[in-house]
Structure formats: C-alpha cells, structure tokens
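A.B. asks: Here you go, one structure.
The values are calculated or read from the model by the stated rules, or taken from the named source; none is laboratory data. Just so we're clear, the structure is a prediction, and the values are computed from it rather than from any experiment. Glycine also receives a Cβ, built like all others from the backbone with ideal geometry; neighbour counts cover every protein chain displayed.
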Amino acid sequence: MWILYNILFHVIFLISLPYFVLQIFRKDKYRVGLRERLGWITPEKLYKLKGHQVLWIHAVSIGEASAIFPVYCEFKKKFPQVRVVFSTTTKTGQQWITSKLFSQDIAIYYPLDFYFSVRRVLRQIRPAAYLVVETEIWPNFWWEAHRLQIPLALMNGRLSKRSFKRYEPIRWFMKPILNLLSVVTVQAQQDAERFLRLGAAPQKLFVSGNLKFESFFDFKSMDREVSELRHSFSILPGEMILMGGSTHEGEEKILLNVFGVLKKEIPKLRLILAPRHPERFKEVSQLIQEQDLMPILDSSPVKSPWTNQHVYLVDQMGRLPTFYALATVVFIGKSLTAIGGQNLLEPAILGKIILFGPHMENFESIAQNFLKEEAAIQVSDEADMLNTLRCLRASSDMQEKMKKNAQQIIHSNKGALAMVLSHIERQAPWRP
C-alpha cells in the first residue's frame, strides 16, 4: 500500500509539475516557504528546540490555527519548557500564527508529502508527539512518524458528507492509515460515525465537541479598534452595518445588489466586504467600482468618509474579528455560490445576527443547530436575502431573540478544550 501511494503521488506530482513551476514564478504564495516544504528548517529555528521536548501542532490555515490556539495557550501554561512547532500549509495561516506564538516556539510550513522531505524534517525536529487539527491526512508523514514511534493525534476532527463520499471507496486504504493514530477527537456524533465507517478504531475515538466554540478574543484591543472605527466614520448606535465575511466569487455581487436596493430604504446603511482569498482583493475592488460605488480599503492609511456611496473592503488578513464586532448583520461566505461554508461561530460569539446560504457542508451540525434554535437564518438567493434583511430591520425583537439563542448555543457547547488538552497531555510524559 505504501508503494502504491508513493507511485500515485509521484505520478500526479510529475503531471502537475509544469503548472506548479509556472505558479512559483507567477505567485508569491507558491514560492514562500519552499525550502521548508522540502524539509529544510533553518538552523536558527532548530536551535530554539535544542534540548527541549517538542510538541508539533499542524493546522492548515487561519481557521484551524485559531481553533487550536486556546489549547496551545493552555498547554504552554502547564508545560512552559516544552517547545511547540506550529506548522501551516497556507501563507496566511503562517503569518497569523507567527504573530501569535510565544517567542521560544517556532512556525514552519508543512512539508510536502515526499518521503525524503518528511523523513528529513521529522529527524530534525524529533517531536515527542504530533497533533493535527481537523482532517489533514498525509500518509507518508504519518507512516514515518509512526515508524519513529512518535504518537499521532487528530483533534477537532470532522468529515463532511462530501469528504466521506470521497474517502468511502478507498476504505481499504483509509483504515490502516487511521489506525496509525493514538487518539481521535471529533466535533459531533455524525463525524464519529463517519470515521468509524472508514475504519477508525472505536476505542481511540471520542466526541469532544467543536473547539471553535472555545474561541477567545482580545476584547480590550478589539473594543478599542471598534470604538476608533465608529468615531472615525461617525457611526451612531443603532445604525445598520451589513457584512459579508470570507466571501467567495459571486457572493460579493449579490451583497452589492442587495445593498444597492436597501440603501434607498435605509440611508445610513453601510456595507463591509471581506473576501476569503487575498488574490481576489483587487477583483472585488473593481467590482465595487463597477456598481458606481467607491471602495474604502482597510489597508489604506488615509480613508475617505464612509457613506452609502462607499463600501468598506477588508483587504488585510486577520482582521475579520474586528469587523465582525463592528457589524450588525453578518453573512457567512462560501455558502451561496460556493460549497462548504465558513466558520459562523466567531460572529455568534460576538453577538451578531447571522445569515448563511444553503451550502454549509463543512459546518453541517453547527448550522443545523443554529437553524433549529432560531439563532441564524438561511437564505436561498439574492431576493431571499433582501426580504430577510427587511424583516430583521423591522423587528428589533427578532434580532434580540436570534442573538440570545446564539449565546445559549455557545454556552451549552463549551468543554472541548478541556477534553482535547487532557488527550494531548496523555500523548507523552511532558516535563513542566
């Protein structure tokens, strides 16, 4: 099986090589961290680890990194002498976690799943345990770590219907890989059932709840930023601010159309757009101008007044929580014109009214719970969003009920952090 995987992996890589070479020259995100992706860690980073136990945490991007970050903080309180290697796959994830880590810990790019790069980086770092967030499965890395007797743990795991259907035909391949894990904690019972059907060992599988319910914010700093924004743009209490968070192609156009209609009815209405991918910032800015509106760029040091002839464009990564805190109503991106959805818990924790489209597959159980408890509203298209916003505007009772219901869901689903932390502590004899 190992031989078959490596043959297929290398064949696919060779077929894709011309494309990746072209992208390396065209796009910075493919160039950055290339040495680390091939298994070469700088001596400066390795020096920080020398003589210490190491916990390796892997999170694909900002979403997964922010989910596990409270666990990292609690772990460091108990075991300050343990060094943590925090790996990500994306450039945005790398930038976010680098700004958050304690100075003695390091951030690296996750190695490509070639045997030579995996072997090199594991022998350089020699972690006492490895923790992956959600469902990032790289067979060569897992096989080599297991061979080196490094405990492997999958935390906050989830399997959407779409992912399960993709993995189910290769259950014969997935079962031995999943059984390399010493422990698996998953977000919901339906995730546990899907992992079991793929061959995960039941005695290693635990339903912990979702770590994203444990998200915490620097409220003092956030409140200060929000107050400054309100003062700078003369935003009065009660004025409605609509936000599209982590939007994908097609969703900004829908929000702009809705805004164009509603601003005639609500003159003080404001719109914030926060595209999910940085490479689309320029495209969305042009789209705003095509609607005879002016973009206000978050990255610009000098900003024009914000009227209903302007749209605030969040063109910097890591700024979502601040603008969620500023907004009144948040539409969750990747749920109308794309499939999967994005994290709705951050705006919920911040007490915002939440709308999303019919495609929340990556947050299936959470979205269903929010709908069941009347803590969010699902909109099917542009017209539905427009009518929903009109109803919300007309009913302050409806707004308050949704916020209250969301807070109750958040409160009743806490507890994942403690369970995940206890499993990490059992992975190795950590020294305080």
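A.B. asks: Being over 20 Å from Leu392 (Cβ atoms), modelled with pLDDT under 95 and over 22 Å from the mean Cα position of the chain (by Cα) is the filter here, so list the residues in the stretch 302-337 that pass it.
C.D. replies: Across the stretch 302-337, the qualifying residues are Val302, Lys303, Ser304, Pro305, Thr307.
A.B. asks: So, one more: Which of the residues belonging to the stretch 118-157 are farther than 21 Å from Ile3 by Cα, assigned to a loop (DSSP other than H, G, I, E, B) and either modelled with pLDDT of 95 or more or in contact with a Cys (Cβ under 8 Å, 6 or more places away or on another chain) (or both)?
C.D. replies: Correct list: Arg126, Pro127, Ala128, Ile150, Pro151.
A.B. asks: Something else now. For the stretch 309-323, give me each residue that is more than 22 Å from Ser99 (Cβ to Cβ) and surrounded by fewer than 21 Cβ atoms within 10 Å (Cβ to Cβ).
C.D. replies: Answer for the stretch 309-323, where residues must be more than 22 Å from Ser99 (Cβ to Cβ) and surrounded by fewer than 21 Cβ atoms within 10 Å (Cβ to Cβ): Gln309, His310.
A.B. asks: Next up: Restricting attention to strands (runs of 3 or more DSSP E) lying wholly within the stretch 306-407, give those where 1 or more residues are touching an Asp or Glu at 6+ places or on another chain (Cβ under 7 Å) and of a type in the set (A, V, I, L, M).
C.D. replies: 310-313
A.B. asks: Residue under question is Glu74, and the condition is that it be in contact with a helix residue (DSSP H, G or I) (Cβ under 7 Å, 6 or more places away or on another chain), under 21 Å from Ala418 (Cα atoms), assigned by TED's automatic domain parsing to the domain that holds Ile137 and among the acidic types (Asp, Glu); does it hold?
C.D. replies: yes
A.B. asks: Condition check: surrounded by 11 or more Cβ atoms within 10 Å (Cβ to Cβ) and not in a helix (DSSP H, G or I). Does Val84 satisfy that?
C.D. replies: Against the criterion (surrounded by 11 or more Cβ atoms within 10 Å (Cβ to Cβ) and not in a helix (DSSP H, G or I)), Val84 qualifies.
A.B. asks: Would you check which residues across the stretch 152-192 are in contact with an Asp or Glu (Cβ under 7 Å, 6 or more places away or on another chain) and touching a residue at least 60 places away in the same chain (Cβ under 8 Å) and list them?
C.D. replies: Scanning the stretch 152-192 gives Asn156, Arg158, Ser160, Lys161, Arg162.
A.B. asks: With the requirement that a residue be surrounded by fewer than 20 Cβ atoms within 10 Å (Cβ to Cβ) and at pLDDT below 95, what does the stretch 352-363 give you?
C.D. replies: Selection gives Glu361 alone.
A.B. asks: Among the residues of the stretch 159-186, what is the count of those that are assigned to a loop (DSSP other than H, G, I, E, B), within 24 Å of Ala65 (Cβ to Cβ) and either at pLDDT 95 or above or touching a Pro at 6+ places or on another chain (Cβ under 9 Å) (or both)?
C.D. replies: 3
A.B. asks: Can you spot a residue in the stretch 240-247 that is surrounded by 14 or more Cβ atoms within 10 Å (Cβ to Cβ), free of Cβ contacts under 8 Å to residues at least 60 places away in the same chain and closer than 14 Å to Phe331 by Cα?
C.D. replies: no
A.B. asks: Could you check the stretch 190-298 for strands (runs of 3 or more DSSP E) lying wholly inside it with 2 or more residues that are assigned by TED's automatic domain parsing to the domain that holds Leu355 and among the hydroxyl-bearing types (Ser, Thr, Tyr)?
C.D. replies: 241-247
A.B. asks: Scan the stretch 193-221 for residues that are under 20 Å from the mean Cα position of the chain (by Cα) and without any contact (Cβ under 8 Å) to a residue 12 or more places away in the chain and report the count.
C.D. replies: Counting residues in the stretch 193-221 that are under 20 Å from the mean Cα position of the chain (by Cα) and without any contact (Cβ under 8 Å) to a residue 12 or more places away in the chain gives 2.
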